[in-house]
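The structure appears below as structure tokens.
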Amino acid sequence: MSQAETAQADAPKIAAPPIATGRRPPSASGFLALFRNELHLTFRRLRTKVLLGILAVLPVLIGVVVKLNTDSPHEGGGGPSFIAQTTQNGLFLVFTALAVALPVFLPMTVGVVAGDSVAGEAATGTLRYLLVAPAGRTRLLAAKFTAGLVFCLAATAAVAVAALATGAALFPLGEVTLISGDTIGLADALLRAVLVAAVVAVSLAGLVAIGLFVSTLTGSGIAAMAATVGLVITVQILDAFPQLDAIRPFLFTHYWLSFADLLRAPMYWDGVWKDLGLQAVYVAVFGSAAWSRFTSRDISA
């Protein structure tokens with residue numbers, strides 16, 4: 001045996017890297033890895049940053065307009081009770097901004113993100129590579145849905161935090177007079193603001209499931225986003241017609257503004273529970289539809 005062969009035989013054996021066998025990683029760690037990846041994909045996009053920036057600017061514009069209207073010598077029209085309360089306590093700008101953002105701005109931004117979640121990756125071709133890896137379609141869809149919920153929290157937080165900062169800068173802070181006429185301390189009011197923001201974010205869960213389902217129906221991200229946002233607008237219009245009272249309680253937007261009942265003493269939860277229950281039904285129905293479509297869809301093209 002040559003000297004080179006002897007040295008090779010005496011060298012320590014190094015295990016070769018494992019060959020991919022198609023086996024999936026453990027469920028928890030595999031899901032967390034997919035979830036982190038989805039968060040990274042969602043929040044690194046310039047579009048997402050722009051949408052969050054627009055949401056953060058909205059309370060600033062509302063606060064400035066209310067401040068100018070308050071300081072103006074011209075007679076004002078009064079406006080909604082939230083706006084009137086804002087002039088007395090800046091914390092109410094949080095509730096005002098959420099009441100303005102929830103019917104239009106928040107659902108549109110969530111619709112864009114949810115609608116693009118599957119269709120956008122299908123259009124760019126990255127979805128094929130994700131499914132070739134041993135990720136599992138169910139796990140991948142669950143990660144996308146969970147990332148959508150996190151975006152709902154981030155979008156709502158962008159509105160609430162910007163509103164709180166703007167309200168504190170433009171208006172006085174202190175004890176808060178609720179819409180029921182009762183007065184609570186600032187600390188209690190801040191806790192209610194956090195609770196209201198959480199309820200608003202969860203109220204968008206049904207829309208996330210709808211957007212995810214629409215996103216599995218097409219390979220065009222733009223088409224999925226347009227369809228989801230268009231659906232939100234259509235449902236909002238239908239919800240405005242009293243002639244449709246028979247179906248309005250079943251529309252996912254119907255109880256969105258029920259968070260105002262949390263600004264009473266005591267808090268009135270009936271509308272909030274109806275809202276959360278309705279969102280759970282939409283998540284179950286459209287989440288199942290999205291799963292059925294996604295797990296049977298051919299993404300080989």
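Nothing in this text is a laboratory measurement; each read-out follows from the coordinates by a stated rule. Just so we're clear, the structure is a prediction, and the values are computed from it rather than from any experiment. Methodologically, a virtual Cβ is constructed for each residue, glycine included, from the backbone with ideal geometry; neighbour enumeration extends over all protein chains shown.
Quick look at the values:
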| quantity | calculated |
| --- | --- |
| Efficiency of FRET from Cβ geometry, Leu186 and Phe250, R₀ 41 Å, rounded to 0.05 | 0.60 |
| Ordering of 138-144, 261-267, 89-95, 165-171 by packing [mean C-beta count within 10 Å, highest first] | 89-95, 138-144, 165-171, 261-267 |
| Cβ-based exposure ranking for Ser215, Ser296, Ser258, in which fewest neighbours within 10 Å come first | Ser296, Ser258, Ser215 |
| Förster radius 30 Å - calculated FRET efficiency between Leu153 and Thr295, Cβ distance, rounded to 0.05 | 0.65 |
| Kirkwood Rh and Cα Rg combined as Rg over Rh, evaluated for the stretch 28-296 | 1.01 |
| Per-pair calculated FRET efficiency, R0 = 30 Å: Val161 and Ser288 via Cβ, rounded to 0.05 | 0.30 |
| Protection proxy ranking, peptides 150-160, 284-294, 244-254, average beta carbon neighbours within 10 Å, highest first | 150-160, 284-294, 244-254 |
| Most to least packed among 53-61, 183-191 [average Cβ atoms within 10 Å] | 53-61, 183-191 |
| Length added when fully stretched, Gln88-Asp270, from 0.36 nm per residue minus Cα-Cα | 62.7 nm |
